[in-house]
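Undergrad: This is the structure, below, for whatever I ask next.
The values are calculated or read from the model by the stated rules, or taken from the named source; none is laboratory data. Remember, it's a predicted structure, so these values are computed and weren't measured experimentally. Counting neighbours? That spans all protein chains shown, and the Cβs are built from the backbone with ideal geometry, glycine included.
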Amino acid sequence: MTRPILKLVMTTAIAAAMFSNPVAAQVPPPAKKAKRVQIVKAPELEMAAGHLTIITWTTNNPGGTDDHYGVVHYGTDPKNLNKTAKSPIRLNQGHPTTTFRVRLDDLESRTTYYYRVDSEESTGRSDGVKSTVKKFTTPPPGERLVAYPKGD
C-alpha cells in the first residue's frame, strides 16, 4: 500500500472507533471511593419559607458511583429525626468538592426543626459522613428567609 492510502485507511479506522461509541470516549470510569469523606462546609439553610426549606453543605468529593444523593434526616424532636428528604446529584470527578442541596417540603410554619445531613451512592451505600444535629425555625406564612446567618 502506498503511504497516502495507508494514512487514509488508518485515519478512517481511528475515526470509526471514536464515533462508533462517542460516549465511551468522553465519560471516564467512576472515581475511586474517597478513603474518608468529610464535610468541608457545614450544613446551613440556603432558603426557608413557611412550607419549605433548602439545606446545603459541601464535602470533599466522595467518589464511587457518579450518581449520589444528598440526604437530610429531620424532625421536630432532636432525638427523633423521623423524616428523610433526598436530592439526586451527579458527581463531577474533576472537582475536589461536592456541594449538596436538599429541599424539605410540607413543613409547618413557625416550627423549629432539627436535622442531620449525610450522603450516599446511588446503590444506597452511605458515604460514611454525618453532620451534628442542627436546627432551624420556619418563618410565618408569607415570609421568606434567604441565606440564614452561619450557625444555629
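Undergrad: Just checking, which of 98, 123, 84 is of a type outside the set (D, E, K, R), at pLDDT 95 or above and either more than 11 Å from residue 53 (Cβ to Cβ) or not in a strand (DSSP E or B) (or both)?
TA: 84
Undergrad: If you don't mind, there's one more thing I want to ask. So which of 127, 77 ends up being acidic (Asp, Glu) and surrounded by fewer than 17 Cβ atoms within 10 Å (Cβ to Cβ)?
TA: Numbers: 127 fails: surrounded by fewer than 17 Cβ atoms within 10 Å (Cβ to Cβ).
Within the list 127, 77, the selection yields 77.
Undergrad: Which count do you get for residues in region 69-88 that are over 14 Å from residue 130 (Cα atoms) and among the hydrophobic types (A, V, I, L, M, F, W, C)?
TA: 1
Undergrad: Name the one entry in 50, 63 that is at pLDDT 60 or above, at positive phi and either surrounded by 13 or more Cβ atoms within 10 Å (Cβ to Cβ) or of a type in the set (Asp, Glu) (or both).
TA: 63
Undergrad: Can you pull out every residue in region 30-43 that is surrounded by fewer than 17 Cβ atoms within 10 Å (Cβ to Cβ) and either charged (D, E, K, R) or modelled with pLDDT of 85 or more (or both)?
TA: Matches in region 30-43: 32, 33, 35, 36, 38, 40, 41, 42.
Undergrad: Residue 113 fails exactly one of the following numbered conditions: (1) closer than 25 Å to residue 37 by Cα; (2) in contact (Cβ under 8 Å) with a residue 60 or more places away in the chain; (3) not in a loop (DSSP other than H, G, I, E, B). What is the number of that condition?
TA: Condition not satisfied by residue 113: (1).
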